[in-house]
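The values are calculated or read from the model by the stated rules, or taken from the named source; none is laboratory data. As the structure is a computational prediction, the values presented were derived from the model and not from experiment. As a convention, Cβ positions derive from the backbone with ideal geometry for all residues, glycine included, and neighbour counts pool all protein chains shown.
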Amino acid sequence: MNQLQSLRGMVDILPEQTQLWQRVEMAASEQFHRAGFKEIRTPLLEATDLFSRSIGEETDVVGKEMYTFLDRGDRSCTLRPEGTASVVRAVLEHGLLKQGPQRLWYGGPMFRYERPQAGRQRQFHQIGVECFGMNSPRCDVEVISIAWDLLDSLGLKGLALELNSLGTFEDRNRYRTKLVEWFQDRFEDLDLDSQQRLETNPLRILDSKNPNTQSILRDAPTLGEFLCDESSDRFLAVQDSLKALKIPFDINPRLVRGLDYYCHTAFEITSKHLGAQSTVCGGGRYDGLVEQLGGSATSGIGWAIGMERLMMLLDESTSVQISPDIYFVNRGEVAQIKALVLARKLRAASLIVELDSSGASFGKQFKRADRCGATWAMVLGDDEASSGQVRIKKLHPLSDSSDKIEFLASDADLDGLLALLRD
């Protein structure tokens, strides 16, 4: 019988890896809490129409990458490929906008049928924020600063903030018309994917990684040339505020987000250590999306961080391995029951206690205690159980003079026991 394996692009996150994931998730949660954001959790499975209406029928995500199927009621369902649309749907469905502006964050798995590669899987994970009902350029900058400060707090180096303005939808339509005309004159020089996108989503050609197409793009018109005065003033206000916060940035006139609902501020935080897929965080403003999904006209802005790419940047030196305070070595029928009771009490006192339940020899249990990195070994055998005591031994002494630290303590005197362990 063949051994069962995970599906391609669906990756297990093993125990030694999850500690780093948890550290990042905790840092993000604390950052969001300090900024007044509240967590929202949406289903993995949504009606397909939600994404076709929000992301856009002509995008690669909807056209090529979504996991879509009919359920038993012949309803078309899709595993969410991104987080924003689901959050907007939830905000509308539950009337959150009636309560005033909303500052929300989310985290969890997303799904896209792509070619798996480093930092990009078919099930991937994101942490993101969404703000609704706040139209000021200052909100754009605050949202960007939260992402920048979170990544900085994790100790990441070599990051760069790239910034662009997509203007209003009218600005983009004028630009789109001009860009299509410009590309049509050079149609034969474009790569095949770009030729196909010319009819469906021409702005995505600006993201092409094809070297020949990239060389053509050097002379292409930029969206900045088509911004109205209001859009230009807004973009300048964003730049001025970023300078006031001393957050460095570069203007990237070729930066367009891959989803149709973006307008005005668009940004990416990239890393020089990730190669071609360099984006760690991406986001922007989407003032028309709420109305597009059936709500009233409401401004919105948000971003998402790709967890898999973030983990690639967090090397082993940033990982925090959590070792037990105590490894409980125990053997004997009575001793094992007493060890179970005492371990529970110690855990209730906020100590990390790993209880050996193997019944193996003391020698084997001590070897496991050494390997797990515990500070103390607590030993309970028949002799200790009969005398009402427990033997305590320091496993990883700081100096040679302390390598024989070992003593007996009363297993009934919990306060005294805790004092000894925390000394």
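Numerical summary
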item: Residue that is farthest from the chain's Cα centre (by Cα), among those in segment 30-66 that are surrounded by fewer than 17 Cβ atoms within 10 Å (Cβ to Cβ) and in a strand (DSSP E or B); result: ALA47
item: Selected residue (criterion: surrounded by the fewest Cβ atoms within 10 Å (Cβ to Cβ)) from residues of segment 142-152 that are touching a residue at least 24 places away in the same chain (Cβ under 8 Å) and farther than 20 Å from LEU289 by Cα; result: ASP149
item: Qualifying residue in segment 32-49 (condition: under 21 Å from ARG197 (Cβ atoms) and in contact (Cβ under 8 Å) with a residue 12 or more places away in the chain); result: no
item: Residues of segment 153-174 that turn out to be buried (at least 18 other Cβ atoms within 10 Å of the Cβ) and in a helix (DSSP H, G or I), as a count; result: 2
item: Residue satisfying all of: in segment 169-211; within 16 Å of ARG254 (Cα to Cα) and in contact with a strand residue (DSSP E or B) (Cβ under 9 Å, 6 or more places away or on another chain); modelled with the lowest pLDDT among these; result: ARG172
item: Search result, residues across segment 123-140 that are crowded, with 24+ Cβ neighbours inside 10 Å and in a helix (DSSP H, G or I); result: ASP140
item: So VAL256, is it outside any loop (DSSP other than H, G, I, E, B), in contact (Cβ under 8 Å) with a residue 60 or more places away in the chain and either under 19 Å from GLY282 (Cβ atoms) or not assigned by TED's automatic domain parsing to the domain that holds GLY284 (or both); result: no
item: Selection status of ALA220, surrounded by 14 or more Cβ atoms within 10 Å (Cβ to Cβ) and part of a helix (DSSP H, G or I); result: no
item: Residue in segment 237-253 that is part of a helix (DSSP H, G or I), of a type in the set (Ser, Thr, Tyr) and closer than 26 Å to LEU179 by Cα present; result: no
item: Count - residues of segment 337-348 that are surrounded by 14 or more Cβ atoms within 10 Å (Cβ to Cβ) and touching a helix residue (DSSP H, G or I) at 6+ places or on another chain (Cβ under 9 Å); result: 5
item: Sole residue being surrounded by 14 or more Cβ atoms within 10 Å (Cβ to Cβ), closer than 20 Å to ARG120 by Cβ and aliphatic (A, V, I, L, M), chosen from VAL11, VAL87; result: VAL11
